[in-house]
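Q: Handing you this structure, nothing more for now.
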Ligand code: FES
Ligand code: FES
């Protein structure tokens, strides 16, 4: 029995660090940075149990306001049979947590949680084996209650068995997990552990984190995105008390001051001579620009039969182009980070969704060995992809290195809207051929989207400062869901991966899957209308026979919305307000979470105002860990994406972003949020899939389909503004 | 050049000494008084994240010069209630799980508290209108409305 090491130093190091981190002190010594196991195949990477029986979960996936931390606690509590209150979670700390990849792609539970579950199940099996030994009772006869194992009339606690010592055990992915009927914590709604602190003002966000001796920094961004700072006039801020330093390297300019307000004033007031630059495309001609951009790579994501020939010979042909605007993450809290250099080592605190990657990027930018860099996650404002958190960490690191003291950087609102990476412009051409009965005989889709996938989005400070960086673009896996889950006899879906895109791209909630689903599902609606078919019935016609879960979400949402079977558009065009409903379906990435939705809209024929009045959603993500947590994610997906669909659009001139506040980058407001009816399908015996993104995929198409049903006019350009609606009504 | 501003904050006398009396109250609360319930979201009175009560009214602390707070009574989220003695809205936000990241929650609760003080029995539509200038990016809107309605029922 040597699955538990008695090297006290291991846990001591980890334990000391945790305490140090929690009360905001520095890591104690060099050893503490690397002693704890972080390899993702080690149980100790995920789990420790201290001498009091308290369980610490170490997880590479981070919460970001989704509530997934509570889900991880449920998983550990369930598999180990310990109360939730005895568990705490350490997230995204490169010195302490396994590298489980960035927190994106709706994979936190699906991958991160499943890995944790395996680690806990492995640990439990080990603990039971040890207990059987100790109690002289067979494993099969043992019971576990609140971290105590009993059998043969005696009991022993986890703390007695392993307390304070680290597991030295490989994770066994096949260790038996609790069967659905034995679960008492997983699969039930559990209140989120973070909410009380958040409503009492006690929660510590990264924005609230302070270190002794800490200074405040602000970046001073170029007024034109590609210009460089030719001269910086330090005298221009001499009258501001508390300014410590101006940092200038290429186009990277920053100020550091004793107080936050002094840093803000200095950043505003600093006079810099910037070079001219006007390299952005003309926004009015953005789609022509996209079409003219050189293609770096052509990817065919689905190729079956001969769709070109089928369309050519079809009784009826349909074609349309859909576009989706450039978006900002527009996080509620501007990006923030604290950086400290100490004894040649760098520590950053930020809300990064990918601390292990950030560590490599910072090491590269600063010419440091990554062993000398530690990145710690602290929660920030909700983040729906790779926003500016990593960039703020890079800003803070450059400033902290220059002044030799810890520096906190928080971006101003215009920095966030102006300089966060953007969801790139997305353009899709579609063609279909229908036979005499209206059935689709051929389907072709061509998406024009930037190259690249997931990966490291270059740090702004490195770009501006001319410092080492990967120099690649990474918009996320935006090719997904251009291929469709339907049984068309012939189909070809092609992604034309563009060599460049106007703004530094990154993934924003449901990247590509949402835009592609929007184009596909709206165009499918056009085909249904051409065929004179009911949109639900038309989809069920092409639902593969071997995909009953897909059929079920569609049928359920139709029932939920009291769907009346008839073709679109509806025929009543009297009165100023026209009403309609639209349906959409997605099978996420064609392999996981199923979602179907019905949107109901009202369109004011005179003003073009669009109101989404009700939104119905049926959602199947397999096993649910925390059903109310899933519901909250689905609600968030729908509302966030309605905002993107109806209102959001980055604006820019030839030099820079011009939508740099909430007035010029408008988002959904309370009166615009529809009534929502959500049906979650629980499948406790299935594996859990993601819920943080899939429901976003169905929103824009559900809305445009409903608008078409109401008005007979088809909107094919997001955002669906009143002006576009009026123009479409004139054309209809 | 420094100026000292005295005010009542969460029921206690507080003073802050500042270089610039035009500094927004938000920074005095967060950095000088350690009250990090109110957040910086925009600094432009557009989002609500920084909301506090000044003499009972919901005010955007990001745009109020600290000098203007002299002699005033300030209430922040920390002073509204505690885990032991929660304000009905705080209890309702927990009951409805009306928080995701929670960066907006300060503004949602403080704005709603001032609203309910004047409109104790609102309709849902009135609640939505009262919160029209409070942004949430995570999409907690229906839960926030449900929480305010729950609190209004007492
Ligand atoms: S920070 Fe004050 S309203 Fe946005
Ligand atoms: S909960 Fe995240 S902004 Fe509202």
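Taken together, the values in this text are just the output of simple stated rules run on the coordinates, not laboratory data. Given the structure is predicted, the values throughout are model-derived calculations rather than measurements. Neighbour counts are summed over all protein chains in view; Cβ atoms, including those assigned to glycine, are modelled from backbone coordinates with ideal geometry.
Q: Which whole-percent values make up P(r) of segment A:572-621 when all C-alpha to C-alpha distances are grouped in 5 Å steps starting at zero?
A: Whole-percent P(r) values from 0 Å outward: 5, 19, 21, 16, 13, 10, 8, 6, 2.
Q: Determine the calculated [θ] at 222 nm for chain B from helices alone, applying -39500 (n - 2.57) to every DSSP H run no shorter than 4 residues and normalising by the residue count; nearest 500 deg cm²/dmol.
A: Details: 5 runs with 46 residues, N = 154.
Helix contribution divided over all residues of chain B: -8500 deg cm²/dmol.
Q: Averaging over every viewing direction, what projected area does the convex hull of the Cα atoms of segment A:112-212 cover, in nm²? Can you show the working numbers first?
A: Values: hull surface 40.8 nm².
Directional mean of the projected Cα hull area for segment A:112-212 stands at 10.2 nm².
Q: Please compute, for peptide A:660-670, the average count of beta-carbon atoms on other protein chains lying within 10 Å of each residue's beta-carbon. Can you show the working numbers first?
A: Numbers: counts 0, 5, 9, 3, 0, 0, 2, 4, 5, 9, 17.
Counting other chains' Cβ atoms within 10 Å and averaging over A:660-670 gives 5.
Q: Going highest first, how would you order A:315-326, A:620-631 by mean Cβ packing within 10 Å? Numbers along the way, then the final one.
A: Working: A:315-326: 18.3, A:620-631: 23.2.
The peptides rank, most packed first, as A:620-631, A:315-326.
Q: As a test of understanding, state the convex hull volume per residue of segment A:459-596 from its alpha carbons, in Å³.
A: 173 Å³
Q: Send over the per residue convex hull volume for segment A:200-356, Cα only, as a whole number of Å³.
A: Details: hull volume 41.6 nm³, N = 157.
Given the Cα convex hull of segment A:200-356, per-residue volume reads 265 Å³.
Q: I want to check the label-to-label distance for residue A:145 and residue A:470. Put each point 7 Å from Cα in the C-beta direction and report it in nm to one decimal.
A: Label-label distance for residue A:145 and residue A:470, simple model: 5.2 nm.
Q: Roughly what would the spin-label model give for residue A:658 and residue A:453, points 7 Å off Cα along C-beta, in nm?
A: Taking the simple label geometry, residue A:658 and residue A:453 are separated by 3.8 nm.
Q: Can you give the extra length, in nm with one decimal, that the chain gains between residue A:249 and residue A:537 once fully stretched, where that is 0.36 nm per residue apart less the Cα-Cα distance? Please report the intermediate quantities before stating the final value.
A: Working: separation 288, 0.36 × 288 = 103.68 nm, distance 6.13 nm.
So the extension gain works out to 97.5 nm.
Q: For segment A:312-406, build the convex hull from the C-alpha positions and give me its volume per residue in Å³. Write out the running numbers ahead of the final one.
A: On the way: hull volume 14.9 nm³, N = 95.
Dividing the Cα hull volume of segment A:312-406 by its residue count gives 157 Å³.
Q: Further question: By how many nm would the segment from residue A:181 to residue A:577 lengthen if fully extended, with 0.36 nm per residue of separation less the alpha-carbon distance?
A: Numbers: separation 396, 0.36 × 396 = 142.56 nm, distance 5.10 nm.
Here the answer is 137.5 nm.
Q: Mind pulling the angle between the C-alpha long axis of helix B:105-118 and the longest principal axis of chain B? Nearest 10 degrees, somewhere in 0 to 90.
A: Computed tilt is about 80 degrees.
Q: Going 7 Å from the Cα of residue A:369 along its beta-carbon direction, which residues of segment A:35-67 have the amide nitrogen within less than 15 Å of the resulting point?
A: Correct set: A:35.
Q: Give the relative contact order (percent, whole number) for segment B:3-80; include only Cα pairs under 8 Å separated by 6+ residues. It would help to have the intermediate numbers written out before the result.
A: Values: 156 pairs, mean separation 30.1, N = 78.
Here the relative contact order equals 39 percent.
Q: What does the structure give for A:674-682 when I average, per residue, the other chain Cβ atoms found within 10 Å of the residue Cβ?
A: Values: counts 2, 2, 3, 0, 0, 0, 0, 0, 0.
Mean shielding by partner chains, rounded to a whole number: 1.
Q: For chain A, what is the mean residue ellipticity at 222 nm derived from helices alone (per DSSP H run of n ≥ 4: -39500 (n - 2.57); sum divided by total residues; nearest 500 deg cm²/dmol)?
A: Numbers: 20 runs with 214 residues, N = 732.
That calculation yields -9000 deg cm²/dmol at 222 nm.
Q: So if R0 is 51 Å, what FRET efficiency would residue A:288 and residue B:119 give, r being the distance between their Cβ atoms, rounded to the nearest 0.05?
A: On the way: r = 52 Å, r/R0 = 1.01.
Approximately 0.50, to the nearest 0.05.
Q: While we're on this one: Using 10 Å bins from zero, what percent of all Cα-Cα pairs in segment A:373-522 falls into each bin?
A: Taking all Cα pairs of segment A:373-522, the binned fractions are 10, 32, 26, 16, 9, 4, 1, 0 percent.
Q: Mind ranking A:355-364, B:59-68 by how tightly packed they are, going by the mean number of other C-beta atoms within 10 angstrom, highest first? Intermediate results must be reported in sequence, preceding the final value.
A: On the way: A:355-364: 22.9, B:59-68: 20.8.
Top of the packing list down: A:355-364, B:59-68.
Q: Using Cβ contacts closer than 10 Å as the measure, can you line up A:470, A:649, A:521 from fewest to most?
A: Working: A:470 15, A:649 19, A:521 27.
By the 10 Å Cβ count, ascending: A:470, A:649, A:521.
Q: Ok, one more. Can you tell me how much longer the chain between residue A:319 and residue A:681 gets when fully stretched, taken as 0.36 nm per residue apart minus their C-alpha distance, in nm with one decimal?
A: In short, 126.8 nm is gained.
Q: Here's another thing I want to ask about it. Please work out the C-alpha center-to-center distance from segment B:1-62 to segment A:267-345 and express it in whole Å.
A: Each part reduced to its Cα centre gives a spacing of 39 Å.
Q: Order these peptides, A:66-75, A:425-434, by their mean beta-carbon neighbour count within 10 angstrom, highest first.
A: Values: A:66-75: 26.1, A:425-434: 23.6.
Ranked from most to least packed, the peptides come out as A:66-75, A:425-434.
Q: Just the projected area, averaged over all directions, of the convex hull on the alpha carbon atoms of segment B:88-153: how many nm²? Don't jump to the answer; show the numbers that get you there.
A: Working: hull surface 14.6 nm².
Directional mean of the projected Cα hull area for segment B:88-153 stands at 3.6 nm².
Q: Any idea what the relative contact order of chain B is, in percent, if you count C-alpha pairs under 8 Å spaced at least 6 apart? All intermediate terms of the calculation are to be shown ahead of the outcome.
A: Numbers: 276 pairs, mean separation 36.2, N = 154.
Worked out over chain B, it gives 24 percent.
Q: Over the Cα atoms of segment A:514-731, how large are the radius of gyration and the largest Cα-Cα distance (Dmax), in Å?
A: Calculated on Cα positions, Rg and Dmax stand at 17.3, 55 Å.
Q: What span do the alpha-carbon atoms of chain A cover on each of the three principal axes, reported in whole Å from largest to smallest?
A: That gives 78, 76, 45 Å along the principal axes, largest extent first.
Q: Starting from the exponent 0.38 and prefactor 2.2 Å, build the expected Rg for chain B from its residue count and divide its actual Cα Rg by it.
A: The value comes to 1.02.
Q: Suppose each label sits 7 Å from its Cα in the direction of the beta carbon; what would the residue B:85-residue A:360 distance come out to in nanometres?
A: 5.4 nm
Q: Return the average number of partner chain Cβ atoms within 10 angstrom of each residue Cβ along peptide A:627-638. Display every interim value, and only then the final one.
A: On the way: counts 0, 1, 2, 0, 2, 9, 3, 1, 7, 9, 1, 2.
Counting Cβ atoms of other protein chains within 10 Å of each residue's Cβ and averaging gives 3.
Q: Here's something else I'd like to know. In percent, what relative contact order does chain A have, based on Cα pairs under 8 Å that are 6 or more apart in sequence?
A: Details: 1760 pairs, mean separation 98.4, N = 732.
Relative contact order of chain A: 13 percent.
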